[in-house]
Amino acid sequence: MRVLVVENMAHSDLGLVGVALQEAGAEIDLRQPFTGQALPGDVRGHDALVVLGGEQSAVDDHIHPYLPELARLMRAFGDAGKSVLGICLGSQLLARAHGGDNLLGRTREFGWHGVELTDEGKRDPVLSAAGSAFKSFEWHSDSFTIPPGAVHLAGNPAVANQAFRIGRAAYGMQFHFEAGIPVVEGWNRIFKEPINRIDPDWLQHYPEHAARHAQQADAAGLALARAWVATIQPAGTAGNRTGEMAGVSA
């Protein structure tokens, strides 16, 4: 099992998704296109794709000209029947790739927040793994509309569209379910100044927030990560044969 992982900024982290991939014995091919590193030209060399978050918006093509190519690649993986996971910025790029709108600066969420599944989400094999409602870490001000043909899986009172699935196993999740305690505490150290601008009390009260929410969020995040990894069909299985030769086409 070979998985392409795309980072959109320094210090993003696979976190709990990395734990689940390691458990499954996956080989990870890490790309950082924000440094100028090339993305693959097609989907043939990988069984799945993970696109992580970033500080840019999903339509900042003038600053990060690789974004349209990444969106096309995400769609190509999904069209080939291969598993796709977009987290935060990655979810917004997946929505863009399939004709959804990116909503810029509409709603800021930071810290652990509740996520509630829709009726479709409760029936979904990945989202339902965490239960009908759970806590997860959020850090965003942009969001997305559900693309045409996608299934709306989760929301909350602040942001109605927290998760969707399109095709067999292409998932967009606005929330950082991958961000277990080590990831969050790393972000607290690395991004101290921007966090203070968002919430001046966060770092001071972090131990209290963590005591209330972190354990539940970690359990939900690992359950989601394992359930998504279980959707990956390595090359040669029935789910991938038809799409094996698919290229990067919008």
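The values are calculated or read from the model by the stated rules, or taken from the named source; none is laboratory data. In this text, all values refer to a predicted model and were calculated from it rather than measured experimentally. Neighbour counts are summed over all protein chains in view; Cβ atoms, including those assigned to glycine, are modelled from backbone coordinates with ideal geometry.
Of the residues examined, Pro194 is not one that is outside any helix (DSSP H, G or I) and either of a type in the set (D, E, K, R) or loosely packed, with under 14 Cβ neighbours inside 10 Å (or both). Of all the criteria given as (1) over 15 Å from the mean Cα position of the chain (by Cα); (2) part of a helix (DSSP H, G or I); (3) of a type outside the set (Val, Ile, Thr), the one not satisfied by Ala158 is (2).
Residues checked against (1) of a type outside the set (Val, Ile, Thr); (2) surrounded by fewer than 19 Cβ atoms within 10 Å (Cβ to Cβ); (3) within 21 Å of Gly90 (Cβ to Cβ):
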position	(1), (2), (3)
Val151	no, yes, yes
Pro157	yes, yes, no
Arg165	yes, no, yes
Arg168	yes, yes, yes
Ile198	no, yes, yes
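Counting residues in segment 104-111 that are of a type in the set (Val, Ile, Thr) and at pLDDT below 95 gives one or more. Consider segment 170-191 and keep the residues that are small (Gly, Ala, Ser) and assigned to a loop (DSSP other than H, G, I, E, B). The one that is surrounded by the most Cβ atoms within 10 Å (Cβ to Cβ) is Ala179.
One residue stands out among those in segment 131-149 that are among the hydroxyl-bearing types (Ser, Thr, Tyr) and within 21 Å of Arg212 (Cβ to Cβ): the one that is surrounded by the fewest Cβ atoms within 10 Å (Cβ to Cβ), which is Ser132.
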